[in-house]
Amino acid sequence: MRTDEPRPVRLAEYRPPDFQIDEIGLSVQLDKDRTVVTARSRVRRIGGLDAPLRLDGEALELLSCKINGRAVAKKRLSTEPGSLTIKDAPNEFTLEIETAFSPRENSALSGIYLSNERIFSQCEAEGFRRITYFLDRPDVLAKYSVRIEGDAEDFPTMLSNGNLEASGKLDNGRHYAVWRDPFPKPAYLFALVAGEFDKIEDEFVTMSGKTVPLVIYVDPGDGPRAEWALDSLKRAMLWDEKAFGREYDLDLFMIVAVRDFNFGAMENKGLNIFNSSVLLADEETATDGDFELIESVVAHEYFHNWTGNRITCRDWFQLCLKEGLTVFRDQEFSAHERGEALARIKDVKMLRARQFPEDAGPLAHAVRPDSYLKIDNFYTATVYEKGAELIRMLKTMVGEDGFRTGMDRYFEQFDGTAATIEEFLSCFAAEAGPRIFGMLRWYEQAGTPRVELTATHDKKTETLTITARQSLDPTPGQPVKRPAPIPLRLGLVSKDGAETPLRLDGETMRDVPNERVLVLDAPEQSWRFSQVGGATPVVSALRGFSAPVRLKMDEPADARTRRAAHDSDTFNRWEACHTLVRDAIVAAASGENASTAKTLQSSAIDVFEAILSDDALDPGFMALAVSPPDEMELAQHVDIVDPDAIANARSAFMKAAGEQLDEKFAGIRDALPADKKYSPDAESASRRALRNVALRYLAERGPEKGGALALAQLK
């Protein structure tokens with residue numbers, strides 16, 4: 001019985017490779033049962049003079065190994081599980097390795113494998129070592145050329161990364177395709193696909209005037225269902241040029257979508273591979289949410305071309321550098337396409353539902369962990385969603401222009417390299433100052449910080465003092481925490497809803513902003529504002545959810561109601577409305593004082609009426625604002641979870657709101673008739689969302705009244 005425990009990989013033990021592979025040429029003789037790969041690599045020593053060349057490899061049959069055309073003596077070779085070591089390697093040489101493996105028997109679905117009689121690859125994080133012996137680590141970047149040969153009947157389409165240089169027929173019913181990628185990339189971005197596919201095509205003209213063919217390969221018969229993905233791709237390419245100045249670099253961009261791909265999607269350079277569930281949709285079977293997800297995922301994988309591919313991560317501890325940054329970029333794209341407020345609310349709801357519980361549980365880990373047993377375990381909400389929030393905080397601190405300047409600097413300095421979090425942050429040092437180094441604590445510490453905020457108003461001096469305190473509970477392996485910079489976007493809301501200028505005490509500037517970004521980077525800090533007026537203003541803190549924290553704020557009883565009705569920050573307006581509804585339902589479910597529960601319910605419904613009467617608001621925002629929290633969220637805010645009590649209280653609230661606002665909801669439903677022709681665009685989806693929410697409340701009136709409306713809409 002084997003009792004050896006796997007040895008953890010530690011960030012502190014990282015060391016650069018002793019060898020670099022600058023170019024690799026692969027010859028792949030495709031066969032479903034026995035594929036043979038010949039890899040010819042240009043290798044040079046960059047480390048210790050006496051170090052042997054140790055290559056990664058798993059589940060491979062080694063057929064031959066040559067250096068500069070001559071077979072390597074067996075005494076210089078040593079193989080063991082997971083590696084091939086070559087002793088006394090020269091300082092610069094050509095290495096030729098021939099290996100064989102069975103795609104059919106590759107049940108790991110890593111490397112090259114057979115599925116539904118077609119060939120696919122998946123090399124992130126460490127799958128290339130199942131194709132050939134190689135330095136399978138992200139800080140080894142090489143230029144790839146790939147020649148694929150296969151049976152023309154079994155594999156009529158044969159794809160790899162880069163540009164197609166040649167193709168043609170061979171003897172015995174076989175054919176070949178030669179692909180070359182001119183940009184260096186790590187092995188995890190290698191891709192190969194072979195089989196029978198349908199395809200749809202379009203093109204995109206880049207900002208420099210280059211025409212790029214766009215091709216999506218799909219299962220036979222699925223072509224029409226890929227049209228939305230193709231449209232989303234073109235919009236993402238255009239947006240990336242305008243927002244980040246990033247132009248597509250290859251002569252061709254391809255996506256392959258299949259039902260039997262065992263990952264969601266993969267950003268392989270120039271050849272993205274998707275599971276059909278996140279790429280294909282039609283109006284007969286897909287929801288608005290499906291179309292929105294496809295738009296986001298297509299953009300995410302495309303945006304990796306620069307944040308992940310052209311600049312990759314030095315080691316897998318830096319995974320958040322490519323994933324968190326790219327999630328942020330796809331969120332910004334969604335905000336452009338779907339509306340900033342709407343997109344931000346949905347992002348935060350997902351963060352709180354997925355990542356906050358992760359931070360609070362036994363598996364809490366830092367955005368950049370310091371050790372792992374298997375890197376596959378760290379493809380988590382913390383790395384992706386919280387990683388994106390850290391980029392957003394950085395942008396909030398340095399501003400729109402400062403962020404674009406820093407990103408341009410990052411692309412210019414680190415293009416074609418494998419970078420670290422420290423190197424990324426260094427690109428913003430000029431804009432952020434010393435605080436940039438404090439941002440590292442966000443990457444190193446697990447857990448969700450708590451921020452307590454108090455506001456003290458002095459009517460006589462017309463001043464307002466804001467005091468903020470931060471704390472972070474111990475998490476597994478991290479008993480002691482240090483303060484980190486927390487940007488708090490802050491504004492004030494007067495009784496009539498007007499914005500109050502925020503003049504820091506002693507400031508003499510002529511134009512005083514109505515909103516400030518206060519950076520809390522100590523355990524406790526205070527800021528004093530003057531000329532705020534004699535009436536106590538309502539503080540609108542953490543606008544736009546400017547930091548992934550839990551905020552507790554002492555404030556007047558009517559503050560949330562005022563923010564819900566008047567706050568100019570749409571996220572905080574939604575947040576105030578959402579918490580009012582949540583507290584009303586929780587009070588009823590917990591059996592608290594009936595009078596208190598009734599008061600909370602009445603306040604929430606009054607706010608609903610104000611929101612539904614505001615014609616300036618986006619229908620999608622209205623739909624989110626008046627949608628009650630789901631049972632899972634409500635359960636997190638009660639001391640004793642009673643599912644029946646929560647469900648009954650939620651239903652009772654919706655029934656009361658439906659009865660009190662019957663005319664409002666009926667008017668909305670009548671004013672937003674069903675679309676004669678379906679369109680997945682954001683405006684149409686927002687109208688449908690509000691119409692459906694109105695129907696939900698009307699349906700709570702019972703089967704005779706609401707049921708008839710629901711049945712009519714179903715028909």
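The slack between Asp670 and Asn116, meaning 0.36 nm per residue of separation minus the straight C-alpha distance, is 194.6 nm. When the Cα atoms of the stretch 1-96 are aligned to their principal axes, the ranges along those axes come out at 38, 37, 26 Å in descending order. Cα centroid separation, the stretch 272-312 to the stretch 4-82: 34 Å. Contact order, relative form, for the chain: 8 percent (alpha carbon pairs under 8 Å, 6 or more residues apart, mean separation divided by residue count).
Rounded to the nearest percent, how much of the accessible area of the stretch 95-215 (1.4 Å probe, protein heavy atoms only) is carbon and sulfur? That fraction is 41 percent.
Taken along the Cα-to-beta-carbon direction at a fixed 7 Å, the label points for Asn172 and Asp614 span 7.2 nm. Across all C-alpha atoms in the stretch 361-446, the radius of gyration and Dmax reach 13.8, 40 Å.
Here's the list of lysines a cross-link from Lys664 could span, going by alpha-carbon distance under 23 Å and ignoring same-chain residues fewer than 8 apart: Lys598, Lys655, Lys705.
Full extension of the chain between Asn593 and Asp231 yields a length gain of 124.9 nm, computed as 0.36 nm times the residue separation minus the alpha carbon distance. As a calculated quantity, the FRET efficiency between Asp606 and Tyr14 at R0 = 60 Å, using C-beta atoms, amounts to about 0.55. Dividing the Cα radius of gyration of the stretch 85-226 by its Kirkwood radius returns 1.00 for Rg/Rh.
On a per residue basis, the chain carries 44 Å² of accessible surface, using protein heavy atoms and a 1.4 Å probe. Could you look at the stretch 368-477 and say what percent of its accessible area is carbon and sulfur, using a 1.4 Å probe and all protein chains? Carbon with sulfur: 46 percent of the solvent-accessible area. For the stretch 155-234, the orientation-averaged shadow of the C-alpha convex hull comes to 7.0 nm² (one quarter of the hull surface). Annotation for the stretch 349-364 versus the stretch 132-172: alpha-carbon center distance of 41 Å.
Our estimate of slack between Met553 and Asp639, defined as 0.36 nm per intervening residue step minus the Cα-Cα distance, is 28.9 nm. Placing dummy labels 7 Å off each Cα toward the beta-carbon, the span from Phe437 to Ala152 is 6.6 nm. Its Cα centre serving as origin, the stretch 553-641 has a Cβ charge dipole (Lys and Arg +1, Asp and Glu -1) of approximately 160 debye.
Cβ-Cβ distance of Ser83 and Leu49, R₀ of 22 Å, FRET efficiency by 1/(1 + (r/R0)^6): the value works out to about 0.60.
Report the one residue of Ala257, Ala565, Ser208 whose Cα lies farthest in the direction of the positive end of the charge dipole of the chain (charges on C-beta: Lys and Arg +1, Asp and Glu -1; origin at the Cα centre). Ranked along the dipole, the leading option is Ser208.
Taking each DSSP H run with n ≥ 4 as -39500 (n - 2.57) and averaging over every residue of the chain yields -10000 deg cm²/dmol at 222 nm. Expressed in Å, the radius of gyration and Dmax of the Cα atoms of the chain are 28.8, 95.
Give the residues of the stretch 144-163 whose amide nitrogen is closer than 17 Å to a point set 7 Å from the Cα of Arg40 in the direction of its Cβ. The answer is 144-149, whose backbone nitrogens lie closer than 17 Å to the label point. Modelled this way, with points 7 Å down the Cα-to-C-beta line, the labels at Ala522 and Thr465 are 1.4 nm from one another.
Hey, with R₀ at 30 Å, roughly what FRET efficiency would Glu283 and Lys210 work out to, going by the Cβ-Cβ distance, to 0.05? My answer for the efficiency is 0.35. Cα centroid separation, the stretch 437-456 to the stretch 197-242: 41 Å. Whole-percent P(r), the stretch 56-152, all Cα pairs, 10 Å bins from 0: 14, 44, 33, 9, 1. Determine, at each q value in 0.15 (inverse angstroms), the log₁₀ of I(q)/I(0) that the Debye formula gives when each Cα of the stretch 620-715 is one equal point scatterer. The Cα Debye sum returns log10 ratios of -0.66. Placing a label point 7 Å from the Cα of Glu247 along the Cα-to-Cβ direction, the residues of the stretch 182-226 whose backbone N falls under 18 Å of that point are 182-183, 203-214.
The values are calculated or read from the model by the stated rules, or taken from the named source; none is laboratory data. This one's a predicted model, so the numbers in the text were calculated from it and none came from an experiment. All Cβ positions, glycine included, derive from the backbone under ideal geometry; neighbour counts span all protein chains shown. Protein only, heavy atoms only, side chains kept; ligands, DNA and RNA dropped before computing areas. Shrake-Rupley method; radii C 1.70, N 1.55, O 1.52, S 1.80 Å.
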